[in-house]
Amino acid sequence: MHGPDQTAKQQLQMVWPQARLNDPPAWTVPGGYALRTYGAADRGAHVRLMRSAGFADWTEAALDGALERCLPSGLFLIVQSADGPPVATAMALHNPCEHHPSGGELGWVAADPEHRGKGLGYCVCAAATARFLDAGYGDLYLRTDDFRLPAIKTYLNLGWVPFLFAPNMQDRWRTVCRQLGLDFHGLRCVTAPSCATARFDETSGAGQQGARQP
């Protein structure tokens, strides 16, 4: 899983459907774990978690920068016990960008490799999504990479949908779907207004003008 990133290749994007702005995802934390929000005492443990998940350059300074954009009570942790270190995390960030001028971004999602495969990423992402909706956000997005198939599957299961904001996005999502064994036509993609005139396949399932297909 991943967080906001700046790379040469445009990352994939997903959005939360407009039809579900009043319908947050549900989640159940697995037995033996607990969900809570970040506190100052978690500072060092959060850095260690991020590094264990592959963010080798994550530092306390990076955490401080993220916290400046994080919604109050918007950094979620899953721990094994009340005083145990975090083993999964996700942030609800106020992060406007080109296609999302008032957007909230689900980002910096990570899980300890020793605790993966237990649905912990699903839980922290669901909690962060619900935090946005509780705060009244109407434009939620996330960024991810084509190769992060487990993360993409988690986002799809939560209810997030692909956002087609560039001409090559449909082909890239078709490839992702083949790798996951999913039907691209059933994803109910959302198309950015700037791409509404693009010649997308009529059977692609992509709604135009940034609206989800009915």
Given GluC sites (Glu not before Pro), DSSP loops and at most 10 other Cβ atoms within 10 Å, the longest exposed-site-free stretch of the chain is 99-201
Which whole-angstrom value gives the distance between the alpha carbon centres of the range 39-62 and the range 136-199?
29 Å
Each residue of the range 73-83 in turn: what ³J(HN,Hα) in whole Hz from Karplus with 6.51, -1.76, 1.60 and θ = phi - 60°, glycine and Pro shown as x?
6, x, 9, 9, 10, 10, 10, 8, 8, 4, 10
Counting only C-alpha contacts under 8 Å and six or more residues apart, can you give the relative contact order of the chain as a whole percent?
24 percent
Considering Cα pairs under 8 angstrom that are at least six residues apart, work out the relative contact order of the range 25-139 and quote it in whole percent.
29 percent
To the nearest 10 degrees, the tilt of helix 169-180 (Cα long axis) against the first principal axis of the alpha carbons of the chain is 60 degrees
For the range 90-100, 3J(HN,Hα) per residue [Karplus equation, 6.51 cos²θ - 1.76 cosθ + 1.60, θ = phi - 60°, Hz, x = Gly/Pro]:
7, 10, 9, 10, 7, 8, x, 8, 3, 8, 9
Tilt, helix 120-134 to longest principal axis of the chain (alpha-carbon atoms), in degrees rounded to tens, equals 70 degrees
Give the long-range amide H neighbours of A88: residues separated by 5 or more places, or on another chain, with amide H under 5 Å away, using H modelled in the peptide plane at 1.01 Å from N.
I78, D112
Give the angle, between 0 and 90 degrees and rounded to the nearest 10, that separates the Cα long axis of helix 149-158 from the longest principal axis of the Cα atoms of the chain.
80 degrees
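Only the coordinates and a few stated rules stand behind these numbers; no lab work does. Everything numeric here is computed off the predicted structure, so don't read it as measured data. Every residue, glycine among them, receives a Cβ derived from its backbone with ideal geometry; neighbour counts consider all protein chains shown.
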